[in-house]
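No value in this document is a laboratory result; all are computed from the given coordinates. Everything numeric in this text was worked out from a predicted model, so none of it was measured. Glycine gets a Cβ as well: all are built from the backbone with ideal geometry, and neighbour counts include every protein chain shown.
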Amino acid sequence: MTITALMPVYGRCEVEPVRGEGCYLYDAQGREWLDFASGIAVNILGHSHPHLVGAIQKQAATLMHTSNLYNVPAQAALAQRLVDLTFADTVFFTNSGAEAIECAVKTCRSHHYAAGHPEKFRILTFSNAFHGRTLAAISATNQEKMRKGFEPLPDWFHVLPFNDLEAVTAAIDPSIGGIMVEPVQGEGGIRAATPEFLKGLRALCDEHGLMLILDEVQCGVARSGTLFAHEQYGITPDIMAIAKGIGGGFPVGACLATEHAASGMIVGAHGSTYGGNPLAMAACEAVLDVVTEPAFLSHVNEMAARLRSSLEQMIPNHDDLFESVRGLGLMMGLKLKSDSRAFVNHARSHGILLVAAGENVVRLLPPLIITEAHIRECVDKLSAAARAYTPPVAAPVVAAAPPIAAAAAA
Ligand SMILES: *Cc1c(COP(=O)(O)O)cnc(C)c1O
């Protein structure tokens, strides 16, 4: 037997954190990393935040899970809080981002079905999108590395170029029921939608009776500098998926919708055993307590401006390696002139955790509670890593036959 007990679907690095505090992770040997990955945009309050930990401890000792067969008062209360904070009239709670996307897609489908238009089953999505790893979510992207081995995938989605409104206009036909988009693509390379694009999608949805579905799983919950990224574009969606930051590290997601969009989500239409359990609700309430404090968003924006200008000042010192800074709020991308994955690997040995993304972008997704000192430390560590870095030699265009191992891994 050569397979590992843990199904080997991740190419894991050597870092083995056993403890976290604020913006730092520690391994069993006491090695420390500045965590500018936040478990991929999840730990927005950093690690071991006392208010979040306290809320989870208290709830765990009271009631963790009942069932959606019963009333769950904490669920109704959190739904009302999200409704009061957003465009939405109604909320379904899930345990992850992909499940929130699943609910969003089902909400869109059932809306058209309820309206007598079952033929409007397709949804337009965008190049390099990432919506999760369920079969529905991987059929919504054109990223080959996620689809490979799982095809044929159903023809529910049509993938179009991102930020290309003309392509969307041309693709609308009677089978289209909605448009699903990340206001800021995360995995795809920290690419923000242009204001014209998002506003244009809203206008097209209004004109054709389509559902605008926003995937704010990564960019939502204060990361972009507003509670939700779409607020900066002056539009609202019909349906929105959130997860990651909302639990601050506790696995939870949600699908938010307007009353009109949710017209098909009647008794029996959807469900989840764990979704909306009291423990998850307590975590979300604690996160919202912190991020809705009046000074929180201004702190995020202040830190974002400082991080951006510090990175911009650093680039000329290493202009053989770094190209530009992009992103919104504390969802920042540093575009490299060579493979970003290799640099992220190298940077770990300089004590900083980052995440690679598409287009040779290094994602900086720090906890939203960072201070100026963390930003200085980040830039010092990036600069030190850059000074000690030799980019990998680019693969030759016409390669000889690869060695067996490489061919098997490809
Ligand atoms: C992470 C992510 C998802 C999937 O969330 P999971 O909790 O991993 O299922 C979906 N959409 C976006 C934009 C994401 O970043």
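Diffusion coefficient (Stokes-Einstein, Kirkwood radius over C-alpha pairs, 20 °C, 1.002 mPa s) for the chain: 96 µm²/s, rounded to a whole number. Calculated on C-alpha atoms, the gyration radius of the stretch 51-291 divided by its Kirkwood radius gives an Rg/Rh of 0.96.
Taking GluC sites (Glu not before Pro) as exposed when DSSP calls them loop and at most 11 other C-beta atoms lie within 10 angstrom, the chain has its longest site-free stretch at 15-258.
Listed by chain and number, the lysines placed with their C-alpha closer than 26 angstrom to that of Lys337 are Lys145, Lys381; residues fewer than eight positions away on the same chain are left out.
If the chain linking Glu359 and Thr66 were pulled fully straight, counting 0.36 nm for each residue of separation and taking away their Cα-Cα distance, it would gain 101.1 nm. Its residues counted as N, the stretch 50-192 yields a C-alpha radius of gyration over 2.2 N^0.38 Å of 1.26. Mean residue ellipticity at 222 nm, helices only, the chain: -10000 deg cm²/dmol; runs of at least 4 DSSP H residues each add -39,500 (n - 2.57), and the sum is divided by the number of residues.
Across the chain, Cα pairs under 8 Å and at least six residues apart give a relative contact order of 21 percent.
Sort out the exposed loop chymotrypsin sites (Phe, Trp or Tyr not before Pro) in the chain (DSSP loop, at most 15 other Cβ within 10 Å) and tell me the longest stretch that has none. In short, 151-410. By the count of neighbouring beta-carbon atoms within 10 Å, fewest first, Met303, Met331 end up ordered Met303, Met331. Between Glu302 and Glu166, the modelled labels are 4.5 nm apart [label points 7 Å from Cα along Cα→Cβ].
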